[in-house]
Each structure stands twice: as structure tokens, then as C-alpha cells.
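Student: Just dropping this structure here.
The values are calculated or read from the model by the stated rules, or taken from the named source; none is laboratory data. Keep in mind the model is a prediction, meaning the values are calculated, not measured. Positions of Cβ are generated from backbone atoms using ideal geometry, with glycine treated the same way; all protein chains shown enter the neighbour counts. The protein model used for the area step is the full one, side chains on, heavy atoms only, and it has no ligands, DNA or RNA in it. Shrake-Rupley method; radii C 1.70, N 1.55, O 1.52, S 1.80 Å.
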Amino acid sequence: MRNLFRREPEVNATYDFAGSFNDVWQHIRVSMVIPPLTVALCICVVMSLMMFIERVYMTVVVLLVKFMGKKKYTQYKLEALKEDLEQNRSYPMVLVQIPMFNEKEVYKLSIGAVCSLTWPSDRLIVQVLDDSTNEVLRALVELECKKWIQRGVNVKYETRNNRNGYKAGALREGLDKDYVFDCEFVVIFDADFQPEEDFLWRTVPYLLENPELALVQARWKFVNADECLMTRLQEMSLAYHFTVEQEVGSSTCQFFGFNGKREFKELLTLKGKQLLREFSWNFMTLGTAGVWRIKAIEDAGGWKDRTTVEDMDLAVRASLKGWKFVFVGDLEVKNELPSTFKAYRYQQHRWSCGPANLLRKMTKEIIFCERVSIWKKLHVIYAFFFVRKIIAHWVTFFFYCVIIPICIMVPEVHLPKPIAIYVPATITLLNSSCTLRSLHLLVFWILFENVMSFHRSKATIIGLLGANRVNEWVVTEKLGNATKQKSNIKPIKKSRSRFGERLHFSELIMGLFLLYAAIYDMLFGKDHMFVYLLLQSGAFFVVGVGM
């Protein structure tokens, strides 16, 4: 018994926790991390190449159109059309609609600009569609309308007791008024748009010349682009849309050629009216600063409120009916960019969620449309909707903000440098070439667009799934920066927002993730990707703290 208690204790081998943890982590990496990461990387590479090909193609087309002088609107003899209209004095009846909702800063600007249009007063009706919930503001808008009525302008002030259908509902009800039945064309201006006096003279003649033309669309000019860094970055993004996307869409007959299939090289050889009668898709800005043929709106089924992009919805349906569009690139209409990040976020959610939701609802209708060729159907579903409205957002966020940082921390997955560096660099240079005056802001623009791609990607997923917030409509706040006029309404004193209310935790989490990946690359990496990751994490942190 004594020996039993005096026996020397047995010495067990120490357990190597660190080594065991490394073995487990290595097993997880091999079996659970590397395979799905490799698949995700391949998908992102394919999406990146899809967007790269689309951007290069549009750049080549717009250069050919520019150097060969084949812009659609330049093929018309506009001055001759205007002279013929003045000589015959057969002016069509034109309706101008101004939908607004609590636009206390800009209602005077828009009403004043529209009422100053040079068109025979007996052939022009200005319709102010006021859905404002502020009774004081309603009274002031109505007073402004009466002021122009006294000056001889035919202004109709219309209100509703509800906001059913939002903007689309207001436009639809406005067209149902008895005094609209004699109108042949309708012009739509959002409340922050101020057209030049000769706007109708530079648009209506196109519609009179070509009875197959449904819409003449003008370009936007941003009066507050120099207000802050964020508005300059917005200008860079939208300039590409107008300079390239709209011009290519109007010049190449990509989706709908009324006279049948035509390749682009065949189109450039056409001359005369046959060339003028071919138009294409022109969606993003169709909701405002454009002149519609009312017959085309009725033929397409009228305004519908099934998505938050009622303008794009109407354009798709009109094109499926055989109507044509033209984009007038040298006709600009002043308007305002969102100058607060909150307003810009809401706007981008609507502009990203709406097209995705529209694709979900119209894919079947496009596929089974008998008037559209298979090639044209493929183009509008693949190129216009899928690549430009969905892939462009997804690849920017998932590839450059998620997959690349993870690949840096999992070196077993090879990251192809040409796809990760040279392809996005080429796309960026092509996009930014439309705003040369802001080229020195290129780095800020890249970082800001990557942050916004986080919100746009989320919005497209909501739109595709039809989830909550799919039909969320928040009117973009306007500040009336066009002329700095003082409003008659005393500004409401806003309490200072608390710091906690300014925090955006999703952006802060993304910033922490990218910061961790940057530190990892600094310690263990060899490709210096930490420079990009540090800058991008900083951009997410800046936005995350509401700055």
C-alpha cells in the first residue's frame, strides 16, 4: 500500500493545441472554403468579362457613330421642319405634366420654366399634378399656378386625396382628364427640371415628321454638379449613361428594328429615311424631360405602377408594340442631383431595385412577344437588363469587395491578376472618359462606386426576389440649387441628428473586413493589394460614420 502511494506519477505527452487547431483549420480550408471560393471566383471572372465586353463594344459603337456622323437626331432637317410648322401654323396640342410631392424648394422653378415655353398659348396645357400632403404647400403651389393663369398660360392644377401608384398613378389620372382628349403629345418634367424656352421647338418636329416615333428624349444637365464631392462623383457616373449608353441605344437599332433584323455594319450603310425610321431602346431617363406621343402611351397600356421604374416599364411595353425612340444628345434640360447621402441612397435603391423587379415581371412577356426576333429578345434580356442592370452591380461589389479580399487570405485559390487589375482598370477608364474635367477624382469615384455597389447589389436581389422594400418609394430630396431662390415657406428647423443615428453598421462591418484583409496582406502577402484594400476600407468607414 505504501508503494502504491509513493509510486511516481506517469508523465503523459502534452497535447499540441496549436498544431491541432492548424490541422482542423487546414481541413476546413481544403474541404469547405477552397471549393466554394473557387466556384465564386470563376463566376465573378465570367461576370467581369461579360461587363468588359459590353463596355468595349459600346465604346467602339459610340466612336464609330461620332466619327461617321450617324447620330439619329442629326439625320433630321430640324430647321426645315420648324419652318414648315411655322408656315402651315398647324401646331399640335401639347400637354406638359409636372408631377410633384412636397417640392417646397423647387416648385416655383419648375412651374416658371414650363410656363415660359415658347409655344402658341392656345395649343399648350400645363398640368401641375400635386400630391403634396402639406396643405400650406398645396395652397402656395395653387397660388403660383393662378399667377401664371393671369399671365395667359393655360395651367391646370390637379390634386388627389391619395398617392395610389405614386408618380405613375398621378400621370395616369392626369391623362384621363377631359381637356386632355384633344392633346397629341405629352411632355413630362419632374419638379426639379427647368427646360429652356425652345424645348418644344427642338423636340415636337421629330414626332410630326415620323409617325412611328413614340418618344423624343433630351439629355440631363446637372446644375449642382459642383456643389460637393458626392455630386461630382454622381456626374461622372451619369455622364457615361448619357454619352455612351443612350447614344448607342438610339443609334444602333440593337433591340427593335421595325423593318426586321439588321447588323450594325449594315445599318451604317443605310441612307435617307430608311435610316431615320430605325430606333432603339432608351430607358433610364424616360421618366422625365421627354416628349411622348399619347397614342403610343395608350397603345402600350398606359402608365403602370407595378414597379418603381414606371418610365422603363412603359418604354419596354411601347417597344414591344413596335414604337420607336430617339435621343437628342445636344438638347439639355437643367435638373438637380441629390446632394445628401441619404437622398442618394434612396434614389439608387429605387433605380437598382426597379429594373431587376421589372426583369422578373416582364421576361416572359418579352420572350413570347411575336413582333420581336429571337436575337432582339436575347439582347434586351441579356445586355440591357442582365449585364447593365444586375451584373454591373454584382461584379463591382462581390468581386472587388468580397471575393478578392478572401482570395488574398486563402492563397491556395489563385487570383488571376489580369482579371483582378487590368480588366477593371480598363472599364474604369472607359467610364470616366466621358467626364474629363473630373479625371483627377478617379480614385475617389472608384471607391465611392464600390461602396454604392453594396447598396445596389442588395437592391437588385430585393427586386429579383420581390422581397420587402421592392416597391419602396421615397421622393428624392431637392434643395432648389438651380437659382438659389428663396422659398416662401420657412424652412423647418431640423434637430441635429445624434451620432448613433448617423452610423451605418453594414458599411462599418464591410470596412472592418477589408481592413483585416489589408493587414493580412501586409503581413503575409506579396502582391501589395493592401494599398487598394486600405483605401476601400477607409471609404466604407467614412460612409459608415455618416460623413
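Student: With the condition kept exactly as written, say whether any residue in region 164-171 is over 16 Å from V106 (Cα atoms), open to solvent by 50 Å² or more (accessible area, probe 1.4 Å) and modelled with pLDDT under 95.
Tutor: The initial filter retains those residues of region 164-171 that are over 16 Å from V106 (Cα atoms), namely 164-171.
Still in the running and open to solvent by 50 Å² or more (accessible area, probe 1.4 Å): 164, 166.
Retained after the next criterion (residues that are modelled with pLDDT under 95): 164, 166.
Yes, region 164-171 contains a residue that is over 16 Å from V106 (Cα atoms), open to solvent by 50 Å² or more (accessible area, probe 1.4 Å) and modelled with pLDDT under 95.
Student: Among the helices (runs of 4 or more DSSP H) lying completely within region 355-465, list those that include at least 1 residues that are out of contact with any helix residue (DSSP H, G or I) (no Cβ under 7 Å at 6 or more places or on another chain) and closer than 22 Å to S48 by Cβ.
Tutor: Values: elements: 374-378, 404-409, 423-432, 442-465.
Passing ranges, in order: 374-378, 423-432, 442-465.
Student: Same structure again: Do the conditions hold for Y107, that is, is it of a type in the set (F, W, Y) and within 25 Å of E298 (Cα to Cα)? Give the steps one after another, and end with the answer.
Tutor: Working: of a type in the set (F, W, Y): yes; within 25 Å of E298 (Cα to Cα): no.
No, not satisfied.
One line per residue, one yes/no per condition, for (1) modelled with pLDDT of 65 or more; (2) open to solvent by less than 40 Å² (accessible area, probe 1.4 Å); (3) in contact with a Ser or Thr (Cβ under 6 Å, 6 or more places away or on another chain); (4) of a type in the set (D, E, K, R):
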site: K458; (1), (2), (3), (4): yes, no, no, yes
site: A467; (1), (2), (3), (4): yes, no, no, no
site: N488; (1), (2), (3), (4): no, no, no, no
site: G500; (1), (2), (3), (4): no, no, no, no
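Student: Among the residues that make up region 147-163, is at least one of them open to solvent by less than 10 Å² (accessible area, probe 1.4 Å) and touching a residue at least 60 places away in the same chain (Cβ under 8 Å)?
Tutor: Within region 147-163 (the criterion being open to solvent by less than 10 Å² (accessible area, probe 1.4 Å) and touching a residue at least 60 places away in the same chain (Cβ under 8 Å)), the answer is no, since none of the residues qualifies.
Student: Please indicate, with yes or no, whether at least one residue in region 298-316 is in a helix (DSSP H, G or I) and open to solvent by 40 Å² or more (accessible area, probe 1.4 Å). Let's see the steps before the verdict.
Tutor: Taking region 298-316 as the starting set, the residues that turn out to be in a helix (DSSP H, G or I) are 298-299, 310-316.
Retained after the next criterion (residues that are open to solvent by 40 Å² or more (accessible area, probe 1.4 Å)): 298-299.
For region 298-316, residues in a helix (DSSP H, G or I) and open to solvent by 40 Å² or more (accessible area, probe 1.4 Å): present.
Student: Please verify whether region 411-422 includes one or more residues that are over 18 Å from S352 (Cβ atoms), out of contact with any Ser or Thr (no Cβ under 6 Å at 6 or more places or on another chain), surrounded by fewer than 19 Cβ atoms within 10 Å (Cβ to Cβ) and of a type in the set (G, A, S).
Tutor: no
Student: Applying the selection to region 80-101, what residues are over 21 Å from K167 (Cα atoms), aliphatic (A, V, I, L, M) and at pLDDT 80 or above?
Tutor: L85, M93
Student: Would you check which residues across region 102-145 are within 24 Å of G165 (Cβ to Cβ), of a type in the set (S, T, N, Q) and open to solvent by 20 Å² or more (accessible area, probe 1.4 Å) and list them?
Tutor: Filtering region 102-145 down to residues within 24 Å of G165 (Cβ to Cβ) leaves 102-104, 106-107, 110-111, 114, 125-135, 137-138, 141-142, 145.
Those left that are additionally of a type in the set (S, T, N, Q): 102, 110, 127, 132-134.
Once the filter is applied, which keeps residues that are within 24 Å of G165 (Cβ to Cβ), of a type in the set (S, T, N, Q) and open to solvent by 20 Å² or more (accessible area, probe 1.4 Å), region 102-145 yields N102, T133, N134.
Student: For region 172-198, which positions are open to solvent by less than 30 Å² (accessible area, probe 1.4 Å) and of a type in the set (F, W, Y)?
Tutor: Scanning region 172-198 gives F185, F189, F193.
Student: Taking region 507-525 only, how many residues are open to solvent by 30 Å² or more (accessible area, probe 1.4 Å), more than 12 Å from F541 (Cβ to Cβ) and either touching a residue at least 24 places away in the same chain (Cβ under 8 Å) or out of contact with any helix residue (DSSP H, G or I) (no Cβ under 6 Å at 6 or more places or on another chain) (or both)?
Tutor: Adding up the residues that qualify gives 6.
Student: If you check K66, K77, K104, which single one turns out to be modelled with pLDDT under 90 and farther than 30 Å from D330 by Cβ?
Tutor: Working: K66 fails: farther than 30 Å from D330 by Cβ; K77 fails: farther than 30 Å from D330 by Cβ.
Just a single option satisfies the conditions, and that option is K104.
Student: Inspect all residues belonging to region 333-348 and state whether any of them is at pLDDT below 90, in a helix (DSSP H, G or I) and farther than 24 Å from G165 by Cα.
Tutor: Scanning region 333-348 turns up at least one residue that is at pLDDT below 90, in a helix (DSSP H, G or I) and farther than 24 Å from G165 by Cα.
Student: With the requirement that a residue be crowded, with 22+ Cβ neighbours inside 10 Å and either assigned to a helix (DSSP H, G or I) or among the β-branched types (V, I, T) (or both), what does region 208-231 give you?
Tutor: V216
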